[in-house]
Amino acid sequence: MRKLLSFLFCFFLLNLHAQKPEKLNAAEIFQEIKKLNFLGSVLYIGAHPDDENTRLISYFSNEKNARTAYLSLTRGDGGQNLIGPELREQLGLIRTQELLAARRIDGGEQFFTRANDFGYSKTPEETLEIWNKEKVLSDVVWIIRNFKPDVIINRFDHRTPGTTHGHHTSSAILSLEAFEAAANPDKFTEQLEFTETYQAKRAYFNTSPWFYGGQEAFEEANKNQFVSFDTGVYFPLLGLSNPEISSLSRSQHQSQGFGSTGSRGSQMEYLEPIKGDTIRSQKVFKGIDTSWSKLEGGAEIGEILTQVEENYNFKNPAASLPKLVEAYKLIRELPNEHWREVKTKEIKNIIYSSSGLFLEAVANQASATARDSVQINLEAINRSDFSITLSSVELSPNNAKINPEIKLGNNENWQNEITLKVPENTAYTTPYWLKEAANNGIYKVEDQQLRGLPETPTLTKSLFNLDFNGVMLSFEKPIVYKYNDPVLGETYQPFEIIPEVSLSFEDEMIIFENDEPKNISVKLTSGKANVKGEVSLSAGEGWIIEPKNHTFQLQQKGSTTNLSFEVTPPKEQDESFIIPTATIDGRKFSEELISIDYPHIPKQNLVVPAKLKVARLEIQKKGELIGYIEGAGDVVPESLEQIGYRVNKLNAATISRSSLQKYDAVVLGIRALNTVEALKYKQQILFDYVENGGNLIVQYNTNRGLVTENISPLPLELSRDRVTYETAEVRFLAEKHPVLNSPNKITKKDFDNWVQERGLYFPDSWSEDFTPILSMHDKNETPKNGSLLVAKYGEGYFIYTGLSFFRQFPAGVPGAYRLFANMISIGKE
């Protein structure tokens, strides 16, 4: 069992889902040989995607040749999205893939815990309470016990709670506790069925000027105890400096807008020793044996690989194959299970690349359903003179097998076909941590062996068994789908297992302003040809749905149909979920298939329970037509349409004084003043719109990176003030103000059931022309009064709000809708 786990943990790190096949050039193969000859490892630990120091990860991986990994405690689910509308779990899926893309560039590996990024936290105490400290700590211990790092490096300082994000400090606290706990056989004993205890040698804190408040203060600090070294090295084999590689890696975090420009020259890094042995050398691995000689039976392997490195032929990497295959045999005999499996994976990749091997299993369609039969096209080619025989090819999960027993001559392409029969009980292709509903702080993952992995292990795969001149090696390749794009050419995407029918609604929620019925359409998409059955909807008590069911028939795979149901809400305010169910030959399906497709990451499929939130709200509104200038991505426009407004999305670059006159209100999306460059030149037009009687609503922006300093026609300054407790008490500072009274009477009840936070980046200074409406604060903090500011300006109104409407609307929070309707309605009779 331990052997199986170790193999899974190593194999599924880098090649879990379909990528364009990696084809290493001679220089890259040589770099991998140097890594093969180094037996040291570094684990870098932070809280979120984009917390990692890519410069340091690349330095240890490419300069020191160490096995290097980044452990991000969360998947970044609580952040914002600059490239699209996805938030929460879907954003976490995007950011997971961005981290994997970053690691493919800087040479690191990637791990996660089950911790759910619930949003900004001001203290580690709050963070660890919401996460469930023991569960997240167990995950960190699990990863340390399996990865077995010599050195652990923390991104953040465990000694400074309250000075940065609570998640940040918590990552360092948990790291240092896990440093001890991983070696303790009395800690998390359930893990020892699959792994063993492990003691890392030393732990560091990756300090920098940021932690000292700036470069000047850092220069004056006593650094005698720090380990310092220059990471600005240049790699002639790669043609890049380490900082250039780091910037390419960093730039994969596109959803966070972290594009980075490469640099050259000296780049110093500083590590403060925190735990472990007391060696304080400028060499992080000083005193740690990183040679093959430290392993029983390893000295001979080291000698062989040293010869390979010294005699490497850049014009003919295949010349190293005899020695590499010899070393492979000895590695497979090592008694040390951990290094045996790690180095087996590494040397197999080198043998594969040195021989010019290309092995591929391509499905003739992008997806399949349970019980389908799919043609798989196989290809194998050896582009060297080394004697290689293709013995057999096996498919999983149905274990179909062929036995060609054919010698692969140099550059002679072998192709064949085999049929994959998808078993009836095959699981859908979907992220393992999203298969069950998460609570606020942690994802539910019952399978111990899945915890920590960045992705779900691929179930549909091929195994090529090859004979290298008498030595058997097996290479596992995921089954992929590829096609020719007229612009992009050869294009790969994952081969996926999907439901026979997917059910979805156009909206995430529908608002009923009164007790009149609405027609709600459910969309059915077939996962295979010739699908027929019936569909019904169910909802909570008091909701009436007609008809009871609809029959459907879908002839082609991928074809769709929309079926309409009349839904009548209760007479009183109420919330519920509508659940669709399709019945096909007695089998029931209630899943929605969501695809996320961006150019910088592999296409992702997410299979989730299909549902539609419905709410009967007691809501009034004034005005009809809204102009909306989109910012960093939100669903506010669609949400406003739900309550009866007509919303036009505006191009900021083309707005004019005359074009805005028709709008009852103009709304700026979240971070529009950070992301929409045209607003630098169009702010005065918006201010004139207000002065002439318009209503301008500006949602939150950060105080850094504004495209214009003139965020308001009246003095107003943004801060980093925020209220992270979604249940924080809200006090009314201006109880008689119209925004709290017309057309909806806002009460404390309207702030019930808010999600993730109250709001963020509130102003902390403003003109006396503004009326602060609300006061709120987190525990042990002073009141924050800048969450909603309203000012009369000329004939119109200017409203600035840091309240997180963009999170409340998708969650269907009634009070958020009622308050926003009042903001739009202000000044209208």
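Exactly one residue among Ser251, Ser263 is of a type in the set (Ser, Thr, Tyr) and touching a helix residue (DSSP H, G or I) at 6+ places or on another chain (Cβ under 7 Å), and that residue is Ser263.
Restricting attention to segment 382-409, which residues are closer than 26 Å to Ile497 by Cα and assigned to a strand (DSSP E or B)? Reasoning before the result, please.
Kept after step one, since they are closer than 26 Å to Ile497 by Cα, are these residues of segment 382-409: 392-402.
If the condition is that a residue be closer than 26 Å to Ile497 by Cα and assigned to a strand (DSSP E or B), then Ser392, Val393, Glu394, Leu395, Ser396, Lys401, Ile402 are the ones that fit.
Of the residues that sit in segment 351-372 and are part of a strand (DSSP E or B) and of a type in the set (A, V, I, L, M), which one is surrounded by the most Cβ atoms within 10 Å (Cβ to Cβ)? Once the filter is applied, the top-ranked residue is Ala368. Taking every residue in segment 653-671 that is of a type in the set (Asp, Glu) and pairing it with any residue that is part of a loop (DSSP other than H, G, I, E, B), at least 6 positions away or on another chain, the pairs with Cβ-Cβ distances below 9 Å are Asp664/Lys622; Asp664/Gly623; Asp664/Glu624; Asp664/Tyr645; Asp664/Gly694; Asp664/Lys828.
Whether a residue is touching a Phe, Trp or Tyr at 6+ places or on another chain (Cβ under 8 Å), crowded, with 23+ Cβ neighbours inside 10 Å and not hydrophobic (A, V, I, L, M, F, W, C) was assessed, and Asn154 passes this test.
Scanning segment 430-440 for residues that are in a loop (DSSP other than H, G, I, E, B) and either closer than 17 Å to Pro397 by Cβ or touching a Leu at 6+ places or on another chain (Cβ under 9 Å) (or both) yields a count of 2. The test for being surrounded by 13 or more Cβ atoms within 10 Å (Cβ to Cβ) and either in a loop (DSSP other than H, G, I, E, B) or touching a helix residue (DSSP H, G or I) at 6+ places or on another chain (Cβ under 9 Å) (or both) holds for Ala427. In the condition set (1) in contact with a Pro (Cβ under 7 Å, 6 or more places away or on another chain); (2) surrounded by fewer than 17 Cβ atoms within 10 Å (Cβ to Cβ); (3) farther than 24 Å from Thr54 by Cα, Ser263 is compliant with all but (3).
Among the residues of segment 313-322, not a single one is crowded, with 21+ Cβ neighbours inside 10 Å, within 15 Å of Lys35 (Cα to Cα) and not β-branched (Val, Ile, Thr).
Scan Thr491, Thr525 and give me the residue that is at pLDDT below 95, more than 26 Å from Ile619 (Cα to Cα) and among the β-branched types (Val, Ile, Thr). Don't jump to the end; show me each part of the working.
Details: Thr525 fails: at pLDDT below 95.
Just one listed residue meets the conditions, Thr491.
Condition test on Tyr328, is it among the aromatic types (Phe, Trp, Tyr), touching a helix residue (DSSP H, G or I) at 6+ places or on another chain (Cβ under 9 Å) and part of a helix (DSSP H, G or I)? Criteria met by Tyr328. Number of residues in segment 356-384 that are without any contact (Cβ under 8 Å) to a residue 60 or more places away in the chain and of a type in the set (Ser, Thr, Tyr): the value is 1. Over 19 Å from Gly46 (Cα atoms), out of contact with any Asp or Glu (no Cβ under 7 Å at 6 or more places or on another chain) and of a type in the set (Phe, Trp, Tyr): is that true of Tyr212 in this structure? Spelling it out, it is not the case that Tyr212 is over 19 Å from Gly46 (Cα atoms), out of contact with any Asp or Glu (no Cβ under 7 Å at 6 or more places or on another chain) and of a type in the set (Phe, Trp, Tyr).
For segment 159-175, filtering for residues that are within 25 Å of the chain's Cα centre (by Cα) and in contact (Cβ under 8 Å) with a residue 24 or more places away in the chain leaves 11. Here Pro743 fulfils each of the conditions (1) of a type outside the set (S, T, N, Q); (2) surrounded by fewer than 21 Cβ atoms within 10 Å (Cβ to Cβ); (3) within 30 Å of Gly257 (Cα to Cα) apart from (3).
Only one of the numbered conditions (1) of a type in the set (Gly, Ala, Ser); (2) within 26 Å of Ser255 (Cα to Cα); (3) out of contact with any strand residue (DSSP E or B) (no Cβ under 6 Å at 6 or more places or on another chain) is violated by Ser72, and that is (3).
Does Gly46 qualify as being surrounded by 24 or more Cβ atoms within 10 Å (Cβ to Cβ), modelled with pLDDT under 95 and under 30 Å from Ala811 (Cα atoms)? Step through it out loud before you land on a result.
Values: surrounded by 24 or more Cβ atoms within 10 Å (Cβ to Cβ): yes; modelled with pLDDT under 95: no; under 30 Å from Ala811 (Cα atoms): yes.
Answer is no for this residue.
When Gln307 is tested against (1) among the polar types (S, T, N, Q); (2) modelled with pLDDT under 95; (3) within 30 Å of Asp385 (Cβ to Cβ), exactly one condition is not met: (2). Residues in segment 488-510 that are more than 30 Å from Val535 (Cβ to Cβ) and either more than 28 Å from the chain's Cα centre (by Cα) or acidic (Asp, Glu) (or both): Glu490 only. Among the residues of segment 510-527, just one is among the aliphatic types (A, V, I, L, M) and in contact with a Pro (Cβ under 7 Å, 6 or more places away or on another chain), namely Val522.
For segment 747-760, enumerate the residues that are surrounded by fewer than 22 Cβ atoms within 10 Å (Cβ to Cβ), touching a residue at least 40 places away in the same chain (Cβ under 8 Å) and of a type outside the set (D, E, K, R). Please lay out each step first, then the result.
Step one: list which residues in segment 747-760 are surrounded by fewer than 22 Cβ atoms within 10 Å (Cβ to Cβ), which gives 747-750, 752-753, 755-756.
Next cut, touching a residue at least 40 places away in the same chain (Cβ under 8 Å) only: 749-750, 752-753, 755-756.
Correct list: Asn753, Val755, Gln756.
The residues of segment 577-614 that are out of contact with any Leu (no Cβ under 9 Å at 6 or more places or on another chain), in contact (Cβ under 8 Å) with a residue 12 or more places away in the chain and surrounded by fewer than 20 Cβ atoms within 10 Å (Cβ to Cβ), listed by number, are Thr583, Ile584, Asp585, Arg587, Tyr598, His600, Lys603, Pro609, Lys611, Lys613. All conditions but one from (1) within 30 Å of Val607 (Cα to Cα); (2) β-branched (Val, Ile, Thr); (3) not in a loop (DSSP other than H, G, I, E, B) apply to Thr456; the one that does not is (3).
Yes/no per residue for (1) under 35 Å from the mean Cα position of the chain (by Cα); (2) under 25 Å from Lys557 (Cβ atoms):
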{"position": "Asn364", "(1), (2)": "yes, yes"}
{"position": "Ala380", "(1), (2)": "yes, no"}
{"position": "Lys407", "(1), (2)": "no, no"}
{"position": "Glu446", "(1), (2)": "yes, no"}
{"position": "Pro454", "(1), (2)": "yes, no"}
{"position": "Thr460", "(1), (2)": "yes, yes"}
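Tell me yes or no: at least one residue of segment 212-222 is aromatic (Phe, Trp, Tyr), in contact with a strand residue (DSSP E or B) (Cβ under 9 Å, 6 or more places away or on another chain) and under 30 Å from Ala182 (Cα atoms). So far as segment 212-222 goes, no, none of its residues is aromatic (Phe, Trp, Tyr), in contact with a strand residue (DSSP E or B) (Cβ under 9 Å, 6 or more places away or on another chain) and under 30 Å from Ala182 (Cα atoms). The residues of segment 502-515 that are touching a Ser or Thr at 6+ places or on another chain (Cβ under 8 Å) and exposed (fewer than 14 other Cβ atoms within 10 Å of the Cβ), listed by number, are Glu506, Asp515. Of the numbered criteria (1) more than 17 Å from Ala69 (Cα to Cα); (2) surrounded by fewer than 23 Cβ atoms within 10 Å (Cβ to Cβ), the one Thr169 fails is (2).
The values are calculated or read from the model by the stated rules, or taken from the named source; none is laboratory data. In this text, all values refer to a predicted model and were calculated from it rather than measured experimentally. Using ideal geometry, Cβ is built from the backbone for each residue, glycine included, and neighbour counts are taken over all protein chains shown.
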